[in-house]
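The values are calculated or read from the model by the stated rules, or taken from the named source; none is laboratory data. Everything numeric here is computed off the predicted structure, so don't read it as measured data. Cβ atoms come from the backbone with ideal geometry, glycine included; neighbour counts cover every protein chain shown. In case anyone asks, the SASA skips ligands and DNA or RNA and just uses the protein heavy atoms, side chains included. Shrake-Rupley method; radii C 1.70, N 1.55, O 1.52, S 1.80 Å.
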Amino acid sequence: MSSYDASQFMAVFLEEVEEQLQIMEQEIMRLERDGSSEEAVQSLFRTAHTLKGSSAAMGFDQMKDLTHEMEHILDQVRNKQLSITNEMVNLLFKCLDHLGVLKDEIVTGRSQSPDIPALVEELHRFTSSAASLPIALPAGPQARTASEAVDFASLSYDHQLRIQEHIDHGLSIAAVTVEISPDCIMKLARAHIISNQLSSMGIVVHTLPPLESLDEDADISKILYIVATEDAGVNFEQALSGMMDIAGVEACPLLLSAASPSANPRPGENRQPEEAKRKAQTVRVDVERLEQLMNLVGELVIDQTQISRIGNVLGHRYASDDAVDDLEQVSDHISRVIGELQDSVMKARMLPIEQLFNRFPRMVRDLSQSLGKDIDLAIEGHETELDRTVIEEIGDPLIHLIRNAIDHGIESGDARRHAGKPSKGMLRITAAHEENQVVITVEDDGAGIDPDKMKSAAVRKGIITAEEAQGLSEKESIHLIFRPGFSTAATLSDVSGRGVGMDIVKSHIEKLNGIIDIDMTLGQGTRFKIKLPLTLAIITGLRVELNKRTFIIPMSSVVEIVRIPPEEIQTIKSDPVVVIRGEVLPLIWLHDYLQIPRTEAGRKHLPVVVVGAGEKRIAIVVDELNGNQEVVVKSLGSYVGKISGISGATILGDGRVGLIFEVAGIAKMMKAAHSG
Amino acid sequence: MGSNQGQFIEVGIAKERYAIKIYDIHEIIKMQDITAIPNSKPHIKGVINLRGKIVPIISLRNRFGMEEDPYSRTTRIVVVNHGEEIVGIVVDRVNQVITFSDIQSPPERVGGVDGSYFSGIGHSNGGLVSLLKLDQVLYE
């Protein structure tokens with residue numbers, strides 16, 4: 001096996017681990033919340049079992065040992081030999097964290113040496129307090145008919161699970177009872193031969209009694225074989241009739257409803273096969289491949305514009321030729337197909353935000369515990385889909401907002417009771433689509449942000465002057481929180497004060513072409529609202545021309561487009577400014593920042609694009625405005641590296657490369673030019 | 001790849017002849033419209049669109065301190081592999097595929113150009129050809 005294949009397995013394995021750990025976390029949370037939930041225990045057991053299997057296969061023994069012990073503990077809970085206690089939940093969380101560390105170790109290849117043996121020992125102590133596991137097999141299979149013998153619940157959990165897996169894979173399960181002639185000499189050998197014969201028709205999942213547990217000279221009269229076959233209608237009686245020493249064969253199908261891996265099947269459990277079916281209809285695809293597909297579609301778009309241009313040329317040249325008409329029709333059709341293809345590939349890159357939101361319950365639990373606050377978390381819209389790059393990028397800012405809400409927003413239980421609020425705090429995180437954007441909110445019912453305190457703090461920290469503070473509206477005062485160097489809490493706690501301020505959150509969101517806003521009612525709570533584009537891969541851009549070259553300004557930064565006569569340009573301290581709607585805006589020629597010669601030969605009106613970078617507005621003079629267009633954003637690559645004022649590039653309709661401006665970068669360059 | 005190991009593509013700027021290992025070459029394309037990138041490193045001429053991929057372009061003339069010549073019908077971009085990325089090098093012409101009977105280590109300077117740009121001097125029937133050390137040529 002080549003190393004390439006091994007690494008591919010590794011990727012699949014790690015994805016599975018990641019997924020299972022997430023499920024595990026949710027289920028442990030559920031256990032903590034609901035106490036003893038049979039479903040949660042069942043599901044936890046399944047994830048531990050899955051992880052045990054795959055880690056054993058990949059040779060990660062520590063993970064295998066740990067999951068094995070977890071499985072053991074959960075099995076006892078399932079059998080009601082242990083009950084759920086806080087202590088156990090904490091222990092399970094500890095296991096989960098250790099599994100996370102083990103996973104990281106595998107990813108990074110760096111040993112962080114978590115003390116797995118100690119944890120295994122702890123789990124051991126925990127379980128040994130419970131009684132040993134009774135073996136739940138029918139006492140005497142001799143006396144039973146097949147249908148009676150197959151008391152599904154009496155099978156060990158492992159076997160139930162295996163049977164369930166076979167059912168999930170679409171196999172039929174049959175219970176075949178074989179009566180062996182009393183005069184057969186070597187009954188066990190015969191039983192094995194029958195087992196082999198059955199194996200040729202399907203998979204022998206289990207036998208009762210288990211053949212491996214029998215002595216060579218055991219006196220067996222009846223054996224029950226549980227067989228999984230692809231074909232539901234196998235005639236076992238006939239298949240076995242030709243064999244010696246068989247007194248009778250009785251087969252009956254084991255029905256799905258009986259075959260739920262639970263001692264007490266609940267209505268909720270029957271969803272499982274359905275879910276399994278739905279899962280089978282999805283495939284995991286490497287993002288690289290989607291990226292490649294996207295590139296190929298991009299090339300098609302460019303080629304298509306060429307074809308349609310050539311079609312036009314030919315149309316003029318051979319106006320009377322039918323073939324040219326056909327060409328145009330085909331060309332139109334191809335354009336439409338390519339457009340749909342582009343949409344589909346875009347959608348394929350979307351993921352539900354769930355995988356990010358799933359991290360929050362645990363985080364909120366841990367944080368509120370460490371701060372001694374009681375907090376209810378509500379999450380809505382976890383199915384909202386957006387581009388995976390956006391999901392990856394938005395994680396940190398959201399976590400920061402949540403930490404802030406818990407640490408600074410929601411008051412302590414006492415303070416809340418004083419204020420006449422329920423002592424339990426409320427944190428709500430939502431996601432929803434709104435037109436072509438995603439809106440994410442983080443909302444708490446805490447004390448809110450006091451605008452006056454914000455002002456005085458900002459003055460004290462020298463962020464604004466006292467005169468400036470006077471002139472600020474309530475909203476502006478609250479927005480001071482986004483200024484660099486601002487932190488409202490008097491002392492930095494280790495929860496939210498990690499040197500990362502709200503200004504970083506804001507700039508992070510703006511980097512994603514997003515907007516963040518605050519809604520606040522003093523004493524009632526704070527709501528942060530983040531608007532994000534669905535994807536970073538395609539943006540709407542304004543095409544502008546500078547000295548015959550086309551550049552793209554992201555529409556998300558464009559505030560307005562105006563044409564001004566040159567005589568309206570004024571100067572303040574020799575810097576050009578322009579007044580638009582009563583607002584004095586600095587005016588720049590983009591040319592100057594891009595080493596492109598200015599081209600203005602007595603024009604009556606200058607096209608000006610007003611862009612916003614944070615609170616700042618800048619008026620930019622360009623040569624031509626060419627309308628907007630959806631553009632596929634591409635990186636300039638690491639060889640070119642980071643370029644100030646340019647965020648990336650795109651392929652224009654004519655096949656040339658157009659550069660995309662980064663407005664924040666241009667604002668920075670302006671600042672640098674001024675101070676320098 | 002063994003048989004390709006000794007094969008080179010011979011390119012020319014002005015009257016000089018240089019060779020690039022065939023193994024390092026992604027493809028050779030005709031001169032294209034290059035989009036200059038403002039504020040970028042001085043040796044990067046700009047970028048082109050190579051079938052949907054943005055490819056940075058440098059010029060060998062510029063690298064070796066020669067005057068840029070107007071592009072002619074023979075001007076080519078030699079696209080070479082550079083780690084995970086590809087980079088295009090503008091040359092005046094691409095001459096031929098070439099092998100060498102002997103390769104010697106480069107002198108300190110080769111015709112006014114720093115010897116560190118070369119991995120060696122190749123002897124062929126047609127004379128001496130300087131072998132480009134791509135890492136150095138592409139290095140900023």
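Beta carbons closer than 9 Å, at least 6 apart along the sequence or on distinct chains, pair a first residue in region A:205-224 that is among the polar types (S, T, N, Q) with a second that is assigned to a loop (DSSP other than H, G, I, E, B) and open to solvent by 80 Å² or more (accessible area, probe 1.4 Å) for A:221/A:182.
Could you go through region B:8-16 and let me know if any residue there is open to solvent by less than 20 Å² (accessible area, probe 1.4 Å), more than 17 Å from the chain's Cα centre (by Cα), more than 8 Å from every other protein chain (Cβ to nearest Cβ) and of a type outside the set (D, E, K, R). Within region B:8-16, none of the residues are open to solvent by less than 20 Å² (accessible area, probe 1.4 Å), more than 17 Å from the chain's Cα centre (by Cα), more than 8 Å from every other protein chain (Cβ to nearest Cβ) and of a type outside the set (D, E, K, R). Mind checking which pairs have a first residue in region A:44-61 that is more than 15 Å from residue A:100 (Cβ to Cβ) and a second that is open to solvent by 50 Å² or more (accessible area, probe 1.4 Å), Cβ under 7 Å, 6 or more apart or different chains? Going by the 7 Å Cβ cut-off, the qualifying pairs are A:52/A:64; A:52/A:68; A:54/A:16; A:56/A:64.
Restricted to region B:18-31, and to residues there that are open to solvent by 70 Å² or more (accessible area, probe 1.4 Å) and within 14 Å of another protein chain (Cβ to nearest Cβ), the residue that is farthest from residue B:128 (Cα to Cα) is B:30.
What about residue B:51, is it open to solvent by 20 Å² or more (accessible area, probe 1.4 Å) and within 14 Å of chain A (Cβ to nearest Cβ)?
Numbers: open to solvent by 20 Å² or more (accessible area, probe 1.4 Å): yes; within 14 Å of chain A (Cβ to nearest Cβ): yes.
Spelling it out, residue B:51 is indeed open to solvent by 20 Å² or more (accessible area, probe 1.4 Å) and within 14 Å of chain A (Cβ to nearest Cβ).
Just one of the numbered conditions (1) open to solvent by less than 40 Å² (accessible area, probe 1.4 Å); (2) facing chain A (nearest Cβ under 9 Å); (3) touching a strand residue (DSSP E or B) at 6+ places or on another chain (Cβ under 6 Å) is not true of residue B:38: (3).
Could you check, for region A:415-426, whether at least one of its residues is assigned to a helix (DSSP H, G or I) and of a type in the set (A, V, I, L, M)?
Looking only at region A:415-426, we keep the residues that are assigned to a helix (DSSP H, G or I), and these are A:415-418.
Still in the list and also of a type in the set (A, V, I, L, M): A:415.
Looking through region A:415-426, at least one residue is assigned to a helix (DSSP H, G or I) and of a type in the set (A, V, I, L, M).
Taken together, A:317, A:336, A:289, A:349 contain a single residue that is charged (D, E, K, R), open to solvent by 60 Å² or more (accessible area, probe 1.4 Å) and under 28 Å from residue B:84 (Cβ atoms), which is A:289. State whether the residues of region A:581-601 include one that is open to solvent by less than 50 Å² (accessible area, probe 1.4 Å), within 14 Å of chain B (Cβ to nearest Cβ), without any contact (Cβ under 8 Å) to a residue 40 or more places away in the chain and in a loop (DSSP other than H, G, I, E, B). Within region A:581-601, none of the residues are open to solvent by less than 50 Å² (accessible area, probe 1.4 Å), within 14 Å of chain B (Cβ to nearest Cβ), without any contact (Cβ under 8 Å) to a residue 40 or more places away in the chain and in a loop (DSSP other than H, G, I, E, B). Here residue A:575 fulfils each of the conditions (1) out of contact with any Lys or Arg (no Cβ under 8 Å at 6 or more places or on another chain); (2) at pLDDT 85 or above; (3) within 11 Å of chain B (Cβ to nearest Cβ) apart from (3). Being closer than 30 Å to residue A:303 by Cβ and in a strand (DSSP E or B) is a description that does not apply to residue B:129. When the residues of region B:90-108 are filtered to those that are assigned to a loop (DSSP other than H, G, I, E, B) and among the polar types (S, T, N, Q), the one that is farthest from the other protein chains (Cβ to nearest Cβ) is B:101.
Filtering region B:75-89 to residues that are open to solvent by 10 Å² or more (accessible area, probe 1.4 Å) and in a strand (DSSP E or B) leaves B:76, B:81, B:82, B:85, B:86. Filtered by the rule that a residue be touching a residue at least 40 places away in the same chain (Cβ under 8 Å), out of contact with any Lys or Arg (no Cβ under 7 Å at 6 or more places or on another chain) and either farther than 12 Å from residue A:89 by Cα or not aliphatic (A, V, I, L, M) (or both), region A:22-37 gives A:22, A:26, A:32, A:35, A:36.
For beta carbons closer than 7 Å, sequence separation of 6+ or different chains, a first residue in region A:298-315 that is more than 12 Å from chain B (Cβ to nearest Cβ) and a second that is open to solvent by less than 60 Å² (accessible area, probe 1.4 Å) and among the hydroxyl-bearing types (Ser, Thr, Tyr), the qualifying pairs are A:304/A:335; A:307/A:331; A:308/A:331; A:308/A:335; A:311/A:331. Annotation: residue A:550 fulfils all but one of (1) closer than 30 Å to residue A:383 by Cβ; (2) in contact (Cβ under 8 Å) with a residue 60 or more places away in the chain; (3) hydroxyl-bearing (Ser, Thr, Tyr); the unmet one is (1).
Got at least one residue in region A:106-119 being more than 29 Å from residue A:83 (Cβ to Cβ), surrounded by 13 or more Cβ atoms within 10 Å (Cβ to Cβ) and at pLDDT 80 or above?
Restricting attention to region A:106-119, the residues satisfying the condition of being more than 29 Å from residue A:83 (Cβ to Cβ) are A:106-113.
Filter once more, so that each one left must be surrounded by 13 or more Cβ atoms within 10 Å (Cβ to Cβ): A:106.
Now drop any that are not at pLDDT 80 or above, which leaves A:106.
Yes, some residue in region A:106-119 is more than 29 Å from residue A:83 (Cβ to Cβ), surrounded by 13 or more Cβ atoms within 10 Å (Cβ to Cβ) and at pLDDT 80 or above.
Pull up region A:617-663, narrow it to residues that are charged (D, E, K, R) and over 34 Å from the mean Cα position of the chain (by Cα), then point me to the one that is nearest to the other protein chains (Cβ to nearest Cβ).
Going through the qualifying residues, I end up with A:656.
Residue B:69 meets the conditions (1) modelled with pLDDT under 85; (2) out of contact with any Asp or Glu (no Cβ under 8 Å at 6 or more places or on another chain); (3) more than 11 Å from chain A (Cβ to nearest Cβ) in every case but one. The failed one is (2). The number of residues in region A:228-247 being open to solvent by 60 Å² or more (accessible area, probe 1.4 Å) and in contact with a Leu (Cβ under 8 Å, 6 or more places away or on another chain) comes to 1.
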